[in-house]
Every structure is written in C-alpha cells, then in structure tokens.
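Colleague: Here it is, the structure, as structure tokens.
The values are calculated or read from the model by the stated rules, or taken from the named source; none is laboratory data. Small disclaimer: the values here were computed from a predicted structure and weren't measured. Cβ: placed from backbone, ideal geometry, glycine included. Neighbour counts: every protein chain shown. When the accessible area is computed, the model is the full protein with side chains, heavy atoms only, and any ligands, DNA or RNA have been set aside. Shrake-Rupley method; radii C 1.70, N 1.55, O 1.52, S 1.80 Å.
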Amino acid sequence: CYTDGVWNERFCPDSQTCAKGCAVEGVDAEGYEKNYGIRTVSGGIELQFVTAGGNVGSRVYLTDGEEAYKVFKLKNREFTFDVDVAS
C-alpha cells in the first residue's frame with residue numbers, strides 16, 4: 001500500500017478503500033531512520049524534522065507493555081523535555 005514514500009493507487013484509490021485493505025506493519029530501526037527520521041542514540045532517540053525522502057515531522061508513542069500506550073497524568077498539564085537544536 002505504501003512504498004518508498006508513495007501510496008499505491010491500485011490499493012489506495014481513496015482513504016476508505018485504503019483503510020479497509022491496508023495494514024500497518026512493523027518497521028525495523030533502519031526503516032524508522034530512512035522513512036521517518038527517527039534513530040536511536042545513547043540514552044534515547046533522535047527525531048529529524050525533514051528526512052532525505054521528503055517526510056516532514058516525526059511522531060513516536062511510548063508503550064506500556066505489549067498491549068497499551070503509556071498514559072501520562074500531568075500535574076497542572078505541564079510536559080517538558082530537552083531539545084538539542086545543534087546541527
């Protein structure tokens with residue numbers, strides 16, 4: 001359904017047909033870096049905003065075991081993290 005950054009029109013002529021006929025597959029570390037600009041670094045991950053293939057933005061989810069996502073209950077609705085903007 002989705003190869004090298006392009007939706008296959010044979011399988012995905014519209015969003016409803018695509019949603020019914022296509023499944024999300026697992027992606028290995030090389031695929032995450034190539035397609036989504038996400039790679040592991042010592043102590044965490046690094047997200048690239050624009051990949052060489054043209055994808056813009058990246059998003060990851062933290063899982064809580066095999067069957068659920070981690071849910072954060074934020075006090076005063078605050079969430080902080082460090083960003084290294086060095087090039």
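Colleague: Collect the residues in region 31-44 that are modelled with pLDDT under 85, loosely packed, with under 13 Cβ neighbours inside 10 Å and farther than 17 Å from Cys1 by Cα, keeping them in residue-number order.
Modeller: Gly43, Gly44 - these are the residues of region 31-44 that are modelled with pLDDT under 85, loosely packed, with under 13 Cβ neighbours inside 10 Å and farther than 17 Å from Cys1 by Cα.
Colleague: List every residue pair whose Cβ atoms sit under 6 Å apart, with the two residues 6 or more apart in sequence or on different chains, where the first one lies in region 1-25 and is at pLDDT 85 or above and open to solvent by less than 60 Å² (accessible area, probe 1.4 Å) and the second, anywhere, is not charged (D, E, K, R) and not in a loop (DSSP other than H, G, I, E, B).
Modeller: Cys12/Cys18
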